[in-house]
Each structure stands twice: as structure tokens, then as C-alpha cells.
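Peer 1: One structure, as C-alpha cells, below. Some questions next.
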Amino acid sequence: MNDLKKILIFLFNNLAKQIQSLPDEDIEDILAGNAKMGIVIYKSKNDLDAGKRELQETEVAVIVTKLRSMKSREKGLEFLRKSCPSKNCLFIVARSLDLPVQQKDSIARISEQIIEATIGFRLTSKTIREYYKK
């Protein structure tokens with residue numbers, strides 16, 4: 001087997017594993033055309049440490065898009081904790097959303113602001129609209 005074939009098999013196996021880890025809800029959104037899937041490449045496991053590197057614009061965009069598609073604050077917070085384990089990472093995402101954050105803000109506070117800006121406001125608005133439809 002030549003090297004290119006081995007590389008392609010390795011890449012497609014990794015892609016398949018990532019797709020299998022997606023929730024059914026995300027797969028349905030992708031198939032319906034309501035969401036897009038992207039590929040983010042990390043050069044090494046050391047690059048995964050968000051505290052030691054800057055997030056790239058595409059990574060921030062993927063995180064924000066995913067958060068905006070979530071249907072509950074709890075799921076969003078869980079995803080945010082996995083995607084942005086460090087304060088620096090949260091800072092970058094918050095700034096991309098034009099949120100007023102300060103260095104002295106806690107991780108919990110910044111996370112709360114991000115969730116409210118991407119998910120919470122939509123859920124609150126939906127609840128208010130449903131209340132007044134009655």
C-alpha cells in the first residue's frame with residue numbers, strides 16, 4: 001500500500017470518529033442544510049492546550065456558531081467548558097462577541113456572559129413571545 005493511500009485511510013478514519021461523536025441533533029441540522037461542518041487541524045497534542053496558544057478565527061467562529069445552535073443553556077455551558085477550558089480562551093470568544101469582559105472576571109462569569117449572549121437571550125425571547133401569544 002502506498003503512502004498516500006495510508007494517509008487518506010488515516011484521515012478518513014479520524015473524520016469518521018469525529019462524525020460519530022456528534023449528537024444526532026447536529027447531524028440532522030447538517031443534513032437539513034441548517035449547519036455546516038468544518039475541519040480544524042491541530043499540529044500536536046500540545047497545541048490543544050488553549051492556555052498556551054491563541055485561538056484562530058475559524059476556531060472561534062466554530063465555537064460561536066455551535067453555541068448559537070444549542071437549544072439549552074446547560075448543553076451550551078457543557079460544550080463551552082470542553083471547547084474553552086482556559087480563561088484566555090473564554091476571553092477570546094467573549095471579545096469576538098463584543099462582550100465587556102475584564103481580566104478580573106472569573107471563568108464562571110465570562111462563561112455565563114457568553115452563554116447569555118449566544119443562547120440565553122434567544123430562549124428568554126422565545127418564552128416571552130409564547131407567553132404573549134396566549
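Read the figures in this text as sums done on the coordinates, not as results from a lab. Owing to the predicted nature of the structure, the values given are computational and were not obtained by experimental measurement.
Peer 1: Which links in Lys5/Lys82; Lys6/Lys75; Lys17/Lys126; Lys17/Lys87; Lys66/Lys87 stretch past 25 Å when you go from one Cα to the other? Each step should come with its number before you reach the end.
Peer 2: Details: Lys5/Lys82 33 Å; Lys6/Lys75 37 Å; Lys17/Lys126 35 Å; Lys17/Lys87 28 Å; Lys66/Lys87 19 Å.
Table pairs above 25 Å Cα-Cα are Lys5/Lys82; Lys6/Lys75; Lys17/Lys126; Lys17/Lys87.
Peer 1: Going by alpha carbons, how many degrees (0 to 90, nearest 10) lie between the helix axis of 73-83 and the longest principal axis of the chain?
Peer 2: That works out to roughly 40 degrees.
Peer 1: Moving on to the next point. Which residue fluctuates the most in the chain, going by a Gaussian network model with Cα springs under 10 Å, if the choices are Leu15, Leu123, Leu90?
Peer 2: Evaluated over the chain, the most mobile residue of the options is Leu15.
Peer 1: Still on this structure, I have one more. Kindly write out, for the range 100-111 in residue order, the coupling ³J(HN,Hα) from the Karplus curve 6.51 cos²θ - 1.76 cosθ + 1.60 (θ = phi - 60°), rounded to whole Hz, with x marking Gly and Pro.
Peer 2: After applying 6.51 cos²θ - 1.76 cosθ + 1.60, I find x, 10, 10, 4, 7, 5, 7, 4, 4, 5, 5, 4 Hz.
Peer 1: Something else: Please find, in a Gaussian network model of the chain (springs between Cα atoms separated by less than 10 Å), the residue of Val60, Val93, Val101 whose mean-square fluctuation is greatest.
Peer 2: Of Val60, Val93, Val101, the Gaussian network model singles out Val101 as fluctuating most.
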